[in-house]
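To start, the structure under review is shown below, and the notes come after it.
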Amino acid sequence: MPELSFFILLQREFTIASRCTQQFLLPVFFFCLVVLLFPLGLSPSPELIQTIAPGIIWVATLLAVLFSLDNLFLEDFEDGFIELLIFSPCSLPVLLAGKVSGLWLIIIAPLLAISALLSVFLGLPVESLSTLMISLLLGTPILMFVGAIAAALTTGTQQNSMLSTLLILPLYIPVLIFASSAVQNAATGLSASPQLYMLSALLVLTLTLAPVAISSALKIGLSQ
Amino acid sequence: MILVNWLNKIASPQRFYLFCGKWTPWLSLLFFILLSLGLYGGLVTAPADYQQGDAFRIIYVHVPAAWMSLFIYIVMATNAVVAIIWRIKVAEVSIICCAHIGAYFTFLALVTGSLWGKPMWGTWWTWDARLTSELVLLFLYLGIIALYNAYEDKRSASRAIAILTLVGVINIPIIHYSVVWWNTLHQGATVSKFDKPSIDTRMLIPLLEMGVAFSVYFFISLFQRARNEILQREFNSQWVKELVKEKSNA
């Protein structure tokens, strides 16, 4: 059933996650710690923290997503699962999109909850909370899919995490800019819709093109 | 049709190697003529800027270098498309050669820019949209080089960086405009206050000459690097062995 292949891979991610919960909670702890570091490193003054809060939350999100994508395909690559996917009759981009979406669904719920809590700690006004949630919902899939391209490209090589970080971070800049300025606008009572529209456009672009790039990158890694 | 035939011919590594060897001396000659014209025009005949004095003359290195940093990425992306679709070896070789040259030009543009910025704006660096996106471009180039070096097999490495280059080429306009927007939203005009004065013809012509000279230099450098890389990759093939024999006899 080729149409269902997307959901099968998605379900597989959930099964794996339920067997080792800790691995999928680590990025969220990491997120909290990064947010914690900013007030400690800067100053505890509420005004300063409040102005830079959207930036802090989004930089931390970005790092947490990077962290969770570390060695995304490595295990599947080593036990031959990716090879099976390539030889299966279903389209490889769809299968891989299923895998990445599954991972996103697992991570997004705790991330949303914890960032709502932390945004209150950082002094963001409650009115901006919905914008923060929407920006996270729109932005994190982009980060996941773009990051998966770099993870796929580095799968065939020996040096993994530092290298893929170098490849990914420049590509994350637009998401960081649009998302944090959306939250910033909402916090100061302005309209955040232009930024959110831009994020949605980026999301559509990423969802259509990234799976193709991920699958061809994985094939190169396999031919190594 | 003639063009297609010619392209088919030139796509063989051996022919490309000979083609590059044949054209390098002519291109070098052209480069030196253009460079001397541009430098003479820029450093001697162009009048001093009414506001910046003689310090503006760094424009003759800075602006062509910045042009090249983008132009090379476009050349690289074109090669990447060719490498992915037709798997032509010469295009695969060119991508990594372009990446190295592009990184140098981007670095040059950043360094000359900050040398120019210090006396004019009073700061080495400002978080201006153009500066920031140039810095991001440098990191894109460095990422491509790092990914290439991480692979052992050169052909897989070339195909991997071809994909990364294409991802980058889609992203560059997005990054650029998002950075422009970020800057105008947050910081107000710090740099656009120095609105570019409409440039004098005596200043403009040397600038264009330098621009062409830099692109000719890029092709010279690309040809040399490509020849080198082709020899390394094809060291097992018959024509390279014959070439080596010929050279060692001579």
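Criterion first (aliphatic (A, V, I, L, M), assigned to a helix (DSSP H, G or I) and within 14 Å of another protein chain (Cβ to nearest Cβ)) does residue B:96 satisfy it? Taking the combined requirement at face value, the residue does not satisfy it. Here residue B:148 fulfils each of the conditions (1) at pLDDT 85 or above; (2) within 8 Å of chain A (Cβ to nearest Cβ); (3) out of contact with any Pro (no Cβ under 6 Å at 6 or more places or on another chain) apart from (2).
Among the residues of the range A:45-55, at least one is at pLDDT below 90 and part of a loop (DSSP other than H, G, I, E, B). Selection over the range A:39-62 of residues that are buried (at least 19 other Cβ atoms within 10 Å of the Cβ) and closer than 27 Å to residue A:167 by Cβ gives a count of 7. Filtered by the rule that a residue be over 12 Å from the mean Cα position of the chain (by Cα) and at pLDDT 85 or above, the range A:156-168 gives A:163, A:164, A:165, A:166, A:167. Looking only at residues in the range A:68-121 that are polar (S, T, N, Q) and assigned to a helix (DSSP H, G or I), which one is nearest to the chain's Cα centre (by Cα)? Among residues in the range A:68-121 that are polar (S, T, N, Q) and assigned to a helix (DSSP H, G or I), the one nearest to the chain's Cα centre (by Cα) is A:68. With respect to the conditions (1) surrounded by fewer than 24 Cβ atoms within 10 Å (Cβ to Cβ); (2) closer than 19 Å to residue B:217 by Cα; (3) in contact (Cβ under 8 Å) with a residue 60 or more places away in the chain, residue B:119 falls short on a single one, namely (2). When each of A:206, A:188 is tested for being among the β-branched types (Val, Ile, Thr) and more than 10 Å from chain B (Cβ to nearest Cβ), the lone residue that passes is A:188. For beta carbons closer than 7 Å, sequence separation of 6+ or different chains, a first residue in the range A:184-209 that is of a type in the set (Val, Ile, Thr) and a second that is in a helix (DSSP H, G or I), the qualifying pairs are A:206/A:142; A:206/A:145; A:206/A:146. Residue count for the range B:195-250 satisfying the condition of being in contact with a Leu (Cβ under 9 Å, 6 or more places away or on another chain) and modelled with pLDDT under 85: 1.
The values are calculated or read from the model by the stated rules, or taken from the named source; none is laboratory data. Remember, it's a predicted structure, so these values are computed and weren't measured experimentally. Note: ideal-geometry Cβ built from the backbone for every residue, glycine included; neighbour counts use all protein chains shown.
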